[in-house]
1. With respect to A:SER150, determine if the residue is within 14 Å of the ligand (Cβ to nearest atom), hydroxyl-bearing (Ser, Thr, Tyr), modelled with pLDDT of 95 or more and over 25 Å from B:CYS188 (Cα atoms).
2. Can you name the number of the only condition in (1) in the same structural domain as A:LYS416 (by TED's automatic domain parsing); (2) buried (at least 20 other Cβ atoms within 10 Å of the Cβ); (3) among the hydroxyl-bearing types (Ser, Thr, Tyr) that A:THR16 fails?
3. Assuming B:ASN289 fulfils every condition listed in (1) surrounded by 15 or more Cβ atoms within 10 Å (Cβ to Cβ); (2) within 14 Å of another protein chain (Cβ to nearest Cβ); (3) among the polar types (S, T, N, Q) apart from one, which condition is it?
4. Any residue in segment A:91-112 that is more than 14 Å from chain B (Cβ to nearest Cβ) and on the phi > 0 side of the Ramachandran plot?
5. Would you mind listing the helices (runs of 4 or more DSSP H) fully within segment B:200-280 where at least 2 residues are within 12 Å of chain A (Cβ to nearest Cβ)?
6. Find the helices (runs of 4 or more DSSP H) located wholly in segment A:272-335 whose residues include 1 or more that are surrounded by fewer than 19 Cβ atoms within 10 Å (Cβ to Cβ), and list them.
7. I need the helices (runs of 4 or more DSSP H) fully contained in segment A:160-234, keeping only those with at least 2 residues that are within 16 Å of the ligand (Cβ to nearest atom).
8. Condition first: at the interface with chain B (Cβ under 7 Å from one of its Cβ atoms) and either in a loop (DSSP other than H, G, I, E, B) or of a type in the set (A, V, I, L, M) (or both). Now tell me which residues in segment A:135-153 satisfy that.
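The values are calculated or read from the model by the stated rules, or taken from the named source; none is laboratory data. All values derive from a computational prediction rather than experimental measurement. Every residue, glycine among them, receives a Cβ derived from its backbone with ideal geometry; neighbour counts consider all protein chains shown.
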Amino acid sequence: MILFKNARVIDPVTQTDQILDIRTENHSIIETGTDLEAQNSNTIVDLTGKILTTGFIDLHVHLREPGEEYKEDVESGSKAASSGGFTGLCPMPNTKPVCDNDTLAEMLVIKGQRVGLVDIYPVGAITKNQEGKELAEFGMMKRVGARALSDDGKDVTNTLVMRRALDYAKAFHMPIFAHCEDKYLAGSGAMNEGYYSSKLGLSGIPREAENIMIGRNIMLAGLTNGHMHISHLSTKNGLELIRQAKKDGIKVSCEVAPHHFMLTDSCIENYDTNYKVNPPLRTQEDVKALIMGLADGTVDAIATDHAPHDTEDKDTDFSNAAFGISGLETVVALTLDGLYHQGKISMMRFAELLSSGPRSVLGLAPQSIEPGQKADFTIIDPELIKVVDKNRFYSKGKNSPFHGMSLKGWPYMTVKDGKIVMKEGVILE
Amino acid sequence: MSIKAKDLLSIDDISTEEIAVIMQNAKSMKQILQRDIKKVPTLRGKSVINLFYENSTRTRTSFELAGKYMGADVVNISAGTSSVKKGESMRDTARTIDHMSADVIIMRHHESGAHKILAESVNARVINAGDGKHEHPTQALLDAFTVLEHKETVEGLKIAIIGDILHSRVARSDVLIFNKLGADVWFCAPPTLMPSKASELGATITYSLEEALQDADIVITLRLQLERQDSGFFPSIREYTNFYGLNTKNIKWARPDCLILHPGPMNRGIEISYEAAELPNAVINEQVNNGVAIRMALLYIMGGGRSGDTV
Ligand SMILES: [Zn+2]
């Protein structure tokens with residue numbers, strides 16, 4: 001039994017914002033209220049000044065297992081996630097081999113359980129070996145715990161195949177996570193096409209490469225009535241397409257990664273490859289629009305697109321460096337510092353974007369802070385100021401452009417299945 | 001009593017009363033089929049042509065036997081062996097056949113709506129033995145007949161049709177006949193094998209086998225054309241069988257007296273398990289027998305059996 005005292009409970013499901021005590025037993029909440037009495041077997045945790053919400057879920061993580069365990073594996077990724085305040089994550093299927101079958105999906109779930117820090121909801125491939133041709137076995141993967149489907153890393157080029165995928169996924173109530181990119185238009189681009197790509201002499205990826213496929217994918221969602229989730233949205237026009245589609249009643253949702261609302265292509269001026277990411281960092285205009293979308297509810301979730309790389313992949317010229325940012329351990333601080341403390345979003349909206357929003361995208365039952373519910377909590381210290389130190393990441397990927405940045409508001413504690421598994425950034429073994 | 005329409009191309013060509021008459025006649029025909037000597041001379045001197053543009057030994061044989069038992073002269077023309085393949089238009093083929101003064105032409109064609117051209121061009125009465133993914137009315141009639149042998153009425157029964165609805169002419173004819181007879185018809189398929197706006201065809205749509213089978217009185221599983229996988233409609237046979245294959249376990253969701261039908265030929269172990277196909281309530285073999293009876297009844301009614309005749 002644990003008694004959490006004096007927490008400011010932010011619960012988007014019940015719209016609660018209140019100072020409460022919470023008593024847990026085993027995996028569950030058994031009692032909430034003010035001034036709960038300590039009982040003899042209680043551990044007491046004082047959370048004065050802290051914020052307690054339902055556990056965060058990251059919809060977009062590259063765990064690299066199997067195949068590239070030198071970059072990340074289930075264990076290091078789980079630790080990074082827990083340290084970053086998460087109790088659940090969705091690993092992308094672009095591993096080696098591709099997670100396009102139930103055996104591999106189940107392996108990830110089981111390994112996740114063995115590590116015991118976060119729930120793993122595998123994202124299965126849309127097509128076998130992510131070749132964009134034949135549908136993978138959605139139903140068999142769903143049976144072992146896969147919750148969504150994606151050919152992330154690329155889009156499904158063949159429009160008929162994407163149509164069939166959206167159709168077929170309806171039988172299993174799974175969303176299609178679309179990496180929206182017209183590969184011919186994007187070509188070999190390394191950064192956003194615009195003033196900075198021209199100035200730096202780097203090949204550009206126009207925003208239209210993303211927008212065109214967002215448009216196509218939304219139309220297919222309209223045709224099929226399937227659930228289309230747009231991954232790592234980075235453009236203003238893309239956001240507008242989604243906003244309109246939602247108005248039209250199309251089943252579309254979307255996520256935004258923290259680097260896309262914190263950074264712009266101007267950051268690349270000294271060719272630092274830690275800023276190389278796909279979709280690329282866009283412009284101030286896009287950032288402004290995305291923040292608006294995050295605030296007004298058009299954006300459903302913040303997801304990291306956590307893409308750990310080893311030094312070798314990044315320690316080269318900009319054009320040849322790998323795409324991706326290691327993001328699990330900075331997302332909460334970036335969102336609090338960049339959005340909440342700037343007055344762009346409320347604390348309730350912050351919790352929505354990282355807990356109830358992602359849960360609803362995955363079709364998981366809503367989870368609240370009420371008796372009988374699971375004791376999976378993310379506890380935040382909103383006032384703590386700390387400098388990002390990539391060398392203290394649990395992730396094997398140290399590729400962070402935020403290294404050295406001072407941020408206000410950090411994860412304080414992660415509670416998984418009623419157990420305190422992380423405190424002040426440190427995983428408790 | 002006859003059928004008002006010249007041709008039977010769709011279940012929509014016949015009224016509920018006419019369906020009842022066909023059923024009544026088929027009952028008599030079935031008694032004949034149980035006799036030692038099955039021949040009745042009702043259609044002596046009449047000619048029936050089986051014109052098959054698509055191979056189907058079962059349906060062709062069923063019509064052929066029906067005609068022969070009734071004493072008609074039956075000629076089989078299959079597209080593979082006659083002039084029809086060598087670029088002769090449907091209209092020309094039809095006229096040639098018509099000049100042979102056929103009384104009834106039975107046609108199977110791989111294109112939806114092909115029968116319309118034939119029917120317009122001939123004096124003979126045309127029976128659709130399956131056109132593309134449009135209709136297969138004689139299959140629907142034999143399905144209804146089979147159900148009525150076991151149930152007092154079709155009215156109010158929950159009938160679940162499971163499988164590749166998108167490409168199925170059986171499903172399209174079945175939904176029409178069972179709706180005419182007052183049943184509650186369900187379509188169940190993976191979404192990729194469900195036609196657009198399928199509910200407007202008169203069925204309740206579900207992608208969940210459990211939902212389709214729940215309290216069903218009749219289950220009709222459709223043959224899965226294995227080449228649909230190559231065309232990308234579903235990922236694998238394994239997955240299809242796991243989620244849409246009928247077996248002795250999931251049939252328990254249906255009512256205990258639920259009948260199992262299959263238009264044949266079955267892919268045992270795929271859309272229906274070996275064990276499920278052998279259950280006492282599986283009436284798949286009866287369907288074959290009833291097919292001959294229904295076709296005898298139709299030939300009798302449409303081929304000029306004198307009205308009021310008893311057989
Ligand atoms: Zn992606």
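1. Spelling it out, A:SER150 is indeed within 14 Å of the ligand (Cβ to nearest atom), hydroxyl-bearing (Ser, Thr, Tyr), modelled with pLDDT of 95 or more and over 25 Å from B:CYS188 (Cα atoms).
2. The number of the failed condition is (2).
3. (2)
4. No, because not a single residue in segment A:91-112 is more than 14 Å from chain B (Cβ to nearest Cβ) and on the phi > 0 side of the Ramachandran plot.
5. On the way: elements: B:209-213, B:227-230, B:237-244, B:274-277.
The qualifying helices (runs of 4 or more DSSP H) are B:209-213, B:227-230, B:237-244.
6. A:284-296, A:311-314
7. A:183-186, A:207-224
8. Correct list: A:LEU135, A:ALA136, A:GLU137, A:MET140.
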